[in-house]
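The values are calculated or read from the model by the stated rules, or taken from the named source; none is laboratory data. Nothing here was measured: the structure is a model prediction, and the numbers come from that model. Positions of Cβ are backbone-derived with ideal geometry, glycine not excepted, and every protein chain shown enters the neighbour counts.
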């Protein structure tokens, strides 16, 4: 996704490959979702039709790219 939306190229143009790699590593450690005030589900990128519960989100291995 970062290549498709030019983030990778821009990061390498302004900085370097090492910084891009660090940013990508930090993205892999960010939460996929959170529940706010026990009322709202906040996600980036939408909800997959394969996810049926919060437990499904918790089971995703965060040390690799999330599944589509």
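Looking across the stretch 1-42 at every residue that is within 14 Å of the chain's Cα centre (by Cα), modelled with pLDDT of 85 or more and not in a helix (DSSP H, G or I), the one that is nearest to residue 61 (Cα to Cα) is identified as 33.
Just to be sure, is residue 47 within 15 Å of the chain's Cα centre (by Cα) and either exposed (fewer than 10 other Cβ atoms within 10 Å of the Cβ) or in a helix (DSSP H, G or I) (or both)? For residue 47, the condition - within 15 Å of the chain's Cα centre (by Cα) and either exposed (fewer than 10 other Cβ atoms within 10 Å of the Cβ) or in a helix (DSSP H, G or I) (or both) - is not met. Filtering the stretch 1-41 to residues that are surrounded by 10 or more Cβ atoms within 10 Å (Cβ to Cβ) and touching a strand residue (DSSP E or B) at 6+ places or on another chain (Cβ under 8 Å) leaves 32, 33, 34, 35, 41. Taken over the stretch 50-64, the residue count meeting the criterion of being surrounded by 10 or more Cβ atoms within 10 Å (Cβ to Cβ) and in contact with a helix residue (DSSP H, G or I) (Cβ under 8 Å, 6 or more places away or on another chain) is 2.
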